[in-house]
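Asks: Shown below is the structure under consideration.
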Protein chains: 4
Amino acid sequence: MGQLKAIVLAFLLVLIVPAWSQPSAQSDLKALLDDLVAANRILYRQGVVDGFGHVSARHPSRPDRFLMSAAKAPGRVIAEDIIEFDLDANPIDGRDRPVYSERFIHSEVYKARRDVNAVIHSHSPTVVPFSVTQVPLRPIHNTASFLAPEVPVFEMRKAAGMTNNLVTNGARGKALVETLGDRPVALLRGHGNVVVGPDLRRTVSRAIYTEVNARMLLQAVMLGGPITYIDPEENKLIESGRGTQITGHSVDRTWQMWLEEAGR
Amino acid sequence: MGQLKAIVLAFLLVLIVPAWSQPSAQSDLKALLDDLVAANRILYRQGVVDGFGHVSARHPSRPDRFLMSAAKAPGRVIAEDIIEFDLDANPIDGRDRPVYSERFIHSEVYKARRDVNAVIHSHSPTVVPFSVTQVPLRPIHNTASFLAPEVPVFEMRKAAGMTNNLVTNGARGKALVETLGDRPVALLRGHGNVVVGPDLRRTVSRAIYTEVNARMLLQAVMLGGPITYIDPEENKLIESGRGTQITGHSVDRTWQMWLEEAGR
Amino acid sequence: MGQLKAIVLAFLLVLIVPAWSQPSAQSDLKALLDDLVAANRILYRQGVVDGFGHVSARHPSRPDRFLMSAAKAPGRVIAEDIIEFDLDANPIDGRDRPVYSERFIHSEVYKARRDVNAVIHSHSPTVVPFSVTQVPLRPIHNTASFLAPEVPVFEMRKAAGMTNNLVTNGARGKALVETLGDRPVALLRGHGNVVVGPDLRRTVSRAIYTEVNARMLLQAVMLGGPITYIDPEENKLIESGRGTQITGHSVDRTWQMWLEEAGR
Amino acid sequence: MGQLKAIVLAFLLVLIVPAWSQPSAQSDLKALLDDLVAANRILYRQGVVDGFGHVSARHPSRPDRFLMSAAKAPGRVIAEDIIEFDLDANPIDGRDRPVYSERFIHSEVYKARRDVNAVIHSHSPTVVPFSVTQVPLRPIHNTASFLAPEVPVFEMRKAAGMTNNLVTNGARGKALVETLGDRPVALLRGHGNVVVGPDLRRTVSRAIYTEVNARMLLQAVMLGGPITYIDPEENKLIESGRGTQITGHSVDRTWQMWLEEAGR
């Protein structure tokens, strides 16, 4: 191939590719924003969040940005509430909308975990008792196998002494992320949890089934005696089937149902 | 009777009977399909299934076939979703609709149990704790007497080693059916249960009251001390009155109520 | 007074009194029937009954009769379902409507207890665990003080050996009423309870707060250690203020609320 | 400044200030009345009150008066039900509307606690078990940190011997207020709680999160072992951030949500 031809080709690519990819990127963003609003309402409807808690997603074409609602009860979030943040948790175009004081949970996770594209912080009611006792939150049900072998607990007092027990700056967020490590879930003592995942829908599913499993495990503890947990080996085999979003299966099946429930 | 007369009569019967019985068979099928869609919605509304779980019925005129929804959250199932399967769990006319990966629970039950005409698999929330502890699920209430003397627990690890803990082939289904034996209910460790019965409505009732009884028994265990269970002898006497579907009584009474509740 | 005058007066009274009192008696009956239908729906809405359970009221002008729905889920009862029964539990004008097989609970209470004008039988979910353990159901809350000092448990096996554990004849009903004695509530082992009272609205209130108290007591037992119960002396003082139905107070206040809730 | 000028100025102020401030006082009162009706419905919708319980607010311009509904189930309260009371619990303009027999809880709190502008009495279901056992109600969650270090329990028998266990006069109210001290919450044994606060919305939030925390603590106790409570030092730091009602944060965020939920 002659040099000229190559230059012309490169030039044409520079012209064509953006025009060809941008609409796709824009529709990716639009779909994600729709899902993000839905995720807020779903988590509320399923009882994972009440007036507090927040959910975010990494920007689909700018990995150094994430998207999250302005400070508002999740069940009331609409598209106009979504704000773009940089990885220091600064709003890009806040337009005087109030922002969550604990947005550093999200920014620090996105900084540290390249594999993560969605983050949920909640006061998921039945995980709180596990955060203040010595009983570890472990999976006893297939749908929450990702909790294997067990969920770590973040203690703010160890990281920052006596505080308001809120993750209101980067240092506290970083300390929390250290406790999280490469896991999908960590508890915050006397506060709630953080749930992360490779995509938004799967992360929503994880947050919901973390609560479901906590309820079931609490009951198993009440029954007494030894408990058979989901084995980490079983978890690997279960999770490998959950990675994809095939119509009618796993995450897709529950997402469609939760979407309908949230609309009622 | 003259031979001719007999031949003519036989000929007429061959002509008439199908024309006379087919509408009946068709209306039986139509009624069963209506009930099957309703059963999906009822089990969802009563909290026995969430996004997962499935319910099937043996084909009314072809005992080597069963009917079950395509892979979908039960609460969203409509008539168009019902697929016919053979007893190896192959869809007869799937038309590219996704199928439940655990359909082998159903096919293996229908193969082994001639007395069974309906099968439900669920993650019935309060039975799960009983599946991972040493406390047997036993009946303490009249409405769940069929659980007497106690419910067996299927352990996939014993049958197939470390797996994804799902009944995704015939061999696993067969192993589960061995644990079930001739009983109406078996638990699947860390997963849920399988409930079977002589007809669809009664099986739905069994699935619901298995969950109700699990909740009550959990509370009785929490109160502490010895528990008085429903005696197997009492169960026989209770079940004999439940066999028929008399208007206003037993299964008919609750079915009408659940139907109304599911419609809301 | 002259004899003639007296005769004329008596004659006039015979003519006038019925014409004057009958509309009142009829409007009493009409009001009671309205309340009875409402009671069915209220008990369903409050979770005291599900598809099973029944509520009756003594006939306002014929104390040897009581009124109760035909066999139907209480939440679906309408005015046309109400049937009049004699005190042997025979329907007076059943018109082929199915009748509850356990109507003898009601007839035997009305026979034995002149102070009782309403009877409820239910599978009130949280009283069942108390019926199969050794932990007596006792009041810990003002609103259920009438349970003081504690609720007796009827064991069908003692009264009638191995049965279907249902009160399906007069003898079983009589045995139950012996356990009840002069109390407002008795439990039926592995089955539910019977709640009685001086009028329908107060009996509905008792059935609801029996369930509420059972939930609270279960939680108190779970917390552990000694429990402070409502003292029988306190109960006397509490109940004396509950006898009347003053607008805005006690039974009237909750009845208006439950009525609204049932209508939704 | 000349004397005449000063007199004229004073005269003008006397004329102008009321005309200028009165509309403000009236709109303050109007806003508070709206909030008071909403508070009744919110507390009902959140399950803090059922047919019983009441909420009041100190009059915004007359600190010796408070506002509370006539005797009625809180969930049914409308603007026309609100009555003004003096600090001896006498209705100012009752117009024959029935009044709560336990209004002395409110009057005695307002008398003794100048810092309090709203009072809630409820049978908050999960606090009752803590009132009849030896397990103190303590905070394990950020949102209920104000319960630190622990909630006192009022025992009517100590204050007034055997009674109907109701705060139906000033003496009983005074005894309760002594138990309350300068805290935000006290339990009433076998009865419920009283919750107070600096303004109505924050007091509603306290009543709701007292119930939420009781549920979580009950579960933590059931899990067993030592429990990590919110430290009083943490509470101080948490509460200091809750004092203000900033749009989108803390009390404002949940109030908007509860308001929407109550309207459904």
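The values are calculated or read from the model by the stated rules, or taken from the named source; none is laboratory data. Everything numeric here is computed off the predicted structure, so don't read it as measured data. FYI the Cβ positions are ideal-geometry reconstructions off the backbone, even for glycines, and counts take in every protein chain you see. Each accessible area value is taken on the protein alone, full model and side chains, heavy atoms only, with ligands, DNA and RNA left out. Shrake-Rupley method; radii C 1.70, N 1.55, O 1.52, S 1.80 Å.
Asks: Among the numbered criteria (1) outside any helix (DSSP H, G or I); (2) open to solvent by 30 Å² or more (accessible area, probe 1.4 Å), which single criterion is violated by C:Ala159?
Replies: Status for C:Ala159: all satisfied but (1).
Asks: Moving on. With the structure loaded, tell me whether B:Ala171 is open to solvent by 50 Å² or more (accessible area, probe 1.4 Å) and over 18 Å from the mean Cα position of the chain (by Cα) or whether it fails that test.
Replies: yes
Asks: Filter region B:100-139 for residues that are of a type in the set (Ser, Thr, Tyr) and buried (at least 20 other Cβ atoms within 10 Å of the Cβ) and give the result.
Replies: B:Tyr100, B:Ser107, B:Tyr110, B:Ser122, B:Ser124, B:Thr126, B:Ser131, B:Thr133 - these are the residues of region B:100-139 that are of a type in the set (Ser, Thr, Tyr) and buried (at least 20 other Cβ atoms within 10 Å of the Cβ).
Asks: Go through region C:222-258 and give me each residue that's modelled with pLDDT of 95 or more, open to solvent by 40 Å² or more (accessible area, probe 1.4 Å) and among the hydrophobic types (A, V, I, L, M, F, W, C).
Replies: Correct list: C:Leu237 only.
Asks: Residues being out of contact with any Ser or Thr (no Cβ under 6 Å at 6 or more places or on another chain) and farther than 18 Å from C:Val128 by Cα: count how many of those fall in region C:184-203.
Replies: 6
Asks: Right, another one. What is the residue count in region A:20-53 for residues that are within 14 Å of another protein chain (Cβ to nearest Cβ), surrounded by fewer than 24 Cβ atoms within 10 Å (Cβ to Cβ) and within 13 Å of the chain's Cα centre (by Cα)?
Replies: Residues that pass the stated criteria total 1.
Asks: Look at C:Val116 and say whether it is assigned to a loop (DSSP other than H, G, I, E, B), farther than 30 Å from D:Phe130 by Cβ and touching a Lys or Arg at 6+ places or on another chain (Cβ under 9 Å).
Replies: Here the answer is yes, as C:Val116 does meet what is asked.
Asks: Give me a count of the residues in region D:126-149 that are more than 10 Å from every other protein chain (Cβ to nearest Cβ), not in a loop (DSSP other than H, G, I, E, B) and not aliphatic (A, V, I, L, M).
Replies: Total meeting the criteria: 1.
Asks: Which helices (runs of 4 or more DSSP H) does region C:165-264 wholly contain that include 3 or more residues that are free of Cβ contacts under 8 Å to residues at least 12 places away in the same chain?
Replies: On the way: elements: C:170-180, C:200-223, C:232-240, C:250-263.
Per the criteria, C:200-223, C:232-240, C:250-263.
Asks: Let me ask something additional. Scan region A:73-99 residue by residue and report those that are touching a residue at least 12 places away in the same chain (Cβ under 8 Å), in a loop (DSSP other than H, G, I, E, B) and either in contact with a strand residue (DSSP E or B) (Cβ under 8 Å, 6 or more places away or on another chain) or open to solvent by 20 Å² or more (accessible area, probe 1.4 Å) (or both).
Replies: Selection gives A:Val77, A:Ile78, A:Leu87, A:Asp88, A:Ile92, A:Gly94, A:Arg97, A:Pro98, A:Val99.
Asks: Would you say D:Val116 is within 12 Å of chain C (Cβ to nearest Cβ) and over 20 Å from D:Gln256 (Cα atoms)?
Replies: no
Asks: Within the bounds of region A:53-69, is there any residue that is closer than 17 Å to A:Gly263 by Cβ, without any contact (Cβ under 8 Å) to a residue 40 or more places away in the chain and not in a loop (DSSP other than H, G, I, E, B)? Break it down stepwise before answering.
Replies: Residues of region A:53-69 closer than 17 Å to A:Gly263 by Cβ: none.
No, region A:53-69 has no match at all.
Asks: Let me ask something else. Would you check if there is a residue in region D:179-196 being more than 12 Å from every other protein chain (Cβ to nearest Cβ) and over 15 Å from the mean Cα position of the chain (by Cα)?
Replies: Pass one, region D:179-196, residues more than 12 Å from every other protein chain (Cβ to nearest Cβ): D:179-186, D:193-196.
Those still in the list that are over 15 Å from the mean Cα position of the chain (by Cα) too: D:179.
The answer is yes, given that some residue of region D:179-196 is more than 12 Å from every other protein chain (Cβ to nearest Cβ) and over 15 Å from the mean Cα position of the chain (by Cα).
Asks: Got a number for residues in region C:150-165 being within 22 Å of B:Arg215 (Cβ to Cβ) and within 10 Å of chain B (Cβ to nearest Cβ)? Working first, answer last.
Replies: Kept after step one, since they are within 22 Å of B:Arg215 (Cβ to Cβ), are these residues of region C:150-165: C:151, C:153, C:165.
With within 10 Å of chain B (Cβ to nearest Cβ) added as a condition, the list becomes C:153, C:165.
Final tally of qualifying residues: 2.
Asks: Now for a separate question. Quickly run through region D:212-221 and pick out the residues that are farther than 25 Å from A:Tyr100 by Cβ and open to solvent by less than 20 Å² (accessible area, probe 1.4 Å).
Replies: D:Ala214, D:Leu217, D:Leu218, D:Ala220
Asks: Next up: Output the number of residues of region D:61-72 satisfying the condition of being under 17 Å from D:Ala112 (Cα atoms) and surrounded by fewer than 19 Cβ atoms within 10 Å (Cβ to Cβ).
Replies: Number satisfying all stated conditions: 4.
Asks: The conditions are (1) surrounded by 20 or more Cβ atoms within 10 Å (Cβ to Cβ); (2) more than 8 Å from every other protein chain (Cβ to nearest Cβ), and A:Glu261 fails exactly one of them. Which is it?
Replies: (1)
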